[in-house]
Amino acid sequence: MRRALAVLVVLMTTALLSSCAVPLPRGSSTVEKAAVRADEVPQILDRYQQVRAIAAKLLDPKPLSTVEAGSVLAIDSGTFEVEQRLAQDKDLPVSAPVLDEVHVPRVGAYPLWFVAVVSDKAAGVNRVQVFERASSVDPWLLVASPETLPDTELPGLRHDDGFVLAVRPDNAAGLSSSPAEAAKLYAEALDDPGSKAGATVADDGFITQMRDAAKANAGLDGVTFSQSWDVDDVEFVLRTDDGGALVFATLLRRDTYEVADGITVGWPGGSPQQAFLTGGISSSGELRFDHQVLLYLPGGGGPPRALGQYGGVVSADGS
Amino acid sequence: MRTRLGWALVALSAVCVALGVAVMVVLGPDSRMTTGPHPVDTDGFVVVTAPKVLTWQGVRIDVLAELPANKPVFVGLGNSVDVQDFVADSERLEVTSFGTPWSPRTREVKGRENLPSSPTALDWWIAKSAGLGGARLSTTLPDETVSLAITSVGSSNLTGLRVSLAYGVEGGFLKGTGLLLLGVGGVWAGLLVRRGPDLRRSEADDVDGEQHVDDEEVVYVYLDDDGVEHEISAAEAAGYDVVETVVVEHPPGPEPDAARVVYVFVDDDGVEHEVGEDELDDYEILDEEDER
């Protein structure tokens, strides 16, 4: 009898092991996927670093177009152009950032995107980078890279089953306003400190820095300076643990100089203004900047606050 | 109770036997079903399955796409998010449903007469294959929404496309065999369970740590109100609760010494006299067998 039971146990074990590989209907019929596989991320970052290093060595922004897009490419191209125009005999710093965190959402359609947090000790900053694949035939490109100070604490991000939760830019659930509206509010506060938005948004480091620069430019003798701000469409938003949101917004800044007759305004050597407006401004001039700002919208309400930014001159006109 | 349990086990095991036999017959020794080649009527560039056509996971599929005149062809399996984006703007034949062994339903979708990129250059295919005149894809369907695409490569189209398909379970025949054996074992066990006394004897074996002889006799006794025992049959005993089980062992008696040899002296009158081993030296041993 014991022998019979032993045979039965063996047979049942065999059947159970066999059943592990029996075909089953799929658990879910939802059309979606992880935006990127975990093992792909280091390769994507390595490729980006290699191309950026080549571009920095050549002082040529063209290779960057294979690894960057949008305002990041515009800002970096502007930076490279400044270096070229100033003909400075130095290479742009090339650092080797370390990948700290990866946050991958599940997506149901292209574009695919994910967030990588890297620390760059040489530059003394952390970067919260968004890589995007616009279509199935496009490569991964860096589209946002706001920088934060090393001691800046990023809010915890909410995950579900290992995937970070993305928020639609027009979704205001749990927030004082939708991420798109919050970015617009932030730009309005910069554009007009005396506006209602200016009263709502608290002064953070970025706002203070921009207002100080504008104040300095406005103090030039014989120059009428004005600064305007706008915001690009918000694409990437992540839900934070407290029900808030982390918003990647691109702010478009326009500095305009009107110079009185007989006066020429020049800028100190090495500045972007000097590079783009080599002969100075004797009539009028305009500098356009892009600023990628990482905005935090607290859960349950509260105004947007900038945690980091990355920006620079992207174009200029002047006479 | 024991009888019903036994019958239930037998019935369940019989189902296992039937399933095992069915799996073995359907899949065959190569563990898969094969169909084709089937002509596919299209002059476009892409044949693709809709996201909800391939609804199983763990199924092994082999797809062979053949084109005449050594035209290049590509076969790939990818997540539907990737595949649908890849073919979204291209003219294509979309398979909207599929019944085994081969009954696809399709629809034509208008679009550009090319693909946005060569399929062979893309890195998101789960499995892919390309070749001149034919391409064969062998893979196991994963647990995600996937689409299968057959595309032309370069400037050619898919005119004259023929598709062969095989699908099955890796090691399916062996699994069917396992199921069959499990069923047979289950039937056996069910019959053993139904024969309750054997089980009890086995329990007694375990307790005593001794082996009992197979011809043990079980006597069922009914004790009436006067304390008088009445022997009843096993069938009658099934209607009563077992109050006590008494194992009565027969006292060990003298066992015959099979190895003992008896030496006999036969006198002149033919009378046998038993002699001891110590007296053997006085006699000549005449083997009984030899004597015969």
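When B:ASP85 is evaluated against the numbered criteria (1) more than 32 Å from the chain's Cα centre (by Cα); (2) closer than 17 Å to B:LEU165 by Cα; (3) within 11 Å of chain A (Cβ to nearest Cβ), which criterion, by number, is the only one it fails?
With (1) more than 32 Å from the chain's Cα centre (by Cα); (2) closer than 17 Å to B:LEU165 by Cα; (3) within 11 Å of chain A (Cβ to nearest Cβ) applied to B:ASP85, the lone miss is (2).
Does B:THR140 satisfy the condition of being of a type in the set (S, T, N, Q) and at pLDDT 95 or above? Can you show your working first?
On the way: of a type in the set (S, T, N, Q): yes; at pLDDT 95 or above: no.
No.
Taking helices (runs of 4 or more DSSP H) that fall entirely within the range A:1-90, which contain at least 2 residues that are farther than 26 Å from A:PRO146 by Cβ, among the β-branched types (Val, Ile, Thr) and at pLDDT below 90?
Of the helices (runs of 4 or more DSSP H) lying wholly inside the range A:1-90, those with at least 2 residues that are farther than 26 Å from A:PRO146 by Cβ, among the β-branched types (Val, Ile, Thr) and at pLDDT below 90 span A:2-19.
Given the criteria in contact with a strand residue (DSSP E or B) (Cβ under 8 Å, 6 or more places away or on another chain) and closer than 19 Å to A:SER29 by Cα, does B:GLY78 qualify?
In short, yes.
So B:SER13 passes all but one of these: (1) within 23 Å of the chain's Cα centre (by Cα); (2) more than 14 Å from chain A (Cβ to nearest Cβ). Which condition number does it fail?
Single failed check for B:SER13: (2).
Determine which member of the set B:GLY154, B:GLY239, B:GLY186, B:GLY227 is small (Gly, Ala, Ser), modelled with pLDDT of 75 or more and touching a helix residue (DSSP H, G or I) at 6+ places or on another chain (Cβ under 8 Å).
Exactly one residue qualifies, and that residue is B:GLY186.
In the range A:166-180, what count of residues is obtained for those that are closer than 12 Å to A:ALA197 by Cβ and either buried (at least 21 other Cβ atoms within 10 Å of the Cβ) or at pLDDT 95 or above (or both)?
Residues flagged as closer than 12 Å to A:ALA197 by Cβ and either buried (at least 21 other Cβ atoms within 10 Å of the Cβ) or at pLDDT 95 or above (or both) within the range A:166-180 amount to 0.
Looking only at residues that are of a type in the set (Asp, Glu) and buried (at least 16 other Cβ atoms within 10 Å of the Cβ) in the range A:91-137, which one is farthest from the other protein chains (Cβ to nearest Cβ)?
The initial filter retains those residues of the range A:91-137 that are of a type in the set (Asp, Glu), namely A:91, A:100-101, A:120, A:132.
Of the ones still in play, those that are also buried (at least 16 other Cβ atoms within 10 Å of the Cβ) are A:120, A:132.
Numbers: A:ASP120: 28, A:GLU132: 14 Å.
Among them, the one singled out is A:ASP120.
Touching a Gly at 6+ places or on another chain (Cβ under 7 Å) and either within 12 Å of another protein chain (Cβ to nearest Cβ) or surrounded by fewer than 17 Cβ atoms within 10 Å (Cβ to Cβ) (or both): which single residue out of B:LEU181, B:LEU191 fits that description?
Working: B:LEU181 fails: touching a Gly at 6+ places or on another chain (Cβ under 7 Å).
Only one candidate qualifies: B:LEU191.
Check off (1) more than 12 Å from chain A (Cβ to nearest Cβ); (2) closer than 19 Å to B:ARG32 by Cα; (3) out of contact with any strand residue (DSSP E or B) (no Cβ under 6 Å at 6 or more places or on another chain); (4) not aliphatic (A, V, I, L, M) for B:GLY172 and give me the number that stays unchecked.
Failed condition: (1).
Listed residues B:VAL47, B:VAL75, B:VAL81, B:VAL95; which is at pLDDT 95 or above, over 30 Å from B:LEU180 (Cβ atoms) and in a helix (DSSP H, G or I)? Let's see the steps before the verdict.
Working: B:VAL47 fails: in a helix (DSSP H, G or I); B:VAL75 fails: in a helix (DSSP H, G or I); B:VAL95 fails: in a helix (DSSP H, G or I).
Only one candidate passes the filter, namely B:VAL81.
Please specify each residue of the range B:131-156 satisfying the condition of being among the hydrophobic types (A, V, I, L, M, F, W, C) and surrounded by fewer than 19 Cβ atoms within 10 Å (Cβ to Cβ).
B:LEU132
Looking at the range A:152-165, which of its residues are among the charged types (D, E, K, R) and either in contact with a Lys or Arg (Cβ under 9 Å, 6 or more places away or on another chain) or at pLDDT 95 or above (or both)?
Result: A:ARG158, A:ASP160, A:ASP161.
For the range B:104-165, give me every one of the strands (runs of 3 or more DSSP E) that falls completely inside it and has 3 or more residues that are within 14 Å of chain A (Cβ to nearest Cβ) and not basic (Lys, Arg).
Per the criteria, B:146-152.
So which residues in the range B:50-63 are within 17 Å of B:ARG136 (Cβ to Cβ) and either within 12 Å of chain A (Cβ to nearest Cβ) or surrounded by 21 or more Cβ atoms within 10 Å (Cβ to Cβ) (or both), if there are any at all?
If the condition is that a residue be within 17 Å of B:ARG136 (Cβ to Cβ) and either within 12 Å of chain A (Cβ to nearest Cβ) or surrounded by 21 or more Cβ atoms within 10 Å (Cβ to Cβ) (or both), then B:VAL59, B:ARG60, B:ILE61, B:VAL63 are the ones that fit.
The values are calculated or read from the model by the stated rules, or taken from the named source; none is laboratory data. These numbers come from a predicted model, not from an experiment. Because the Cβ atoms are built from the backbone with ideal geometry, glycine has one as well, and the counts that use them run over all protein chains shown.
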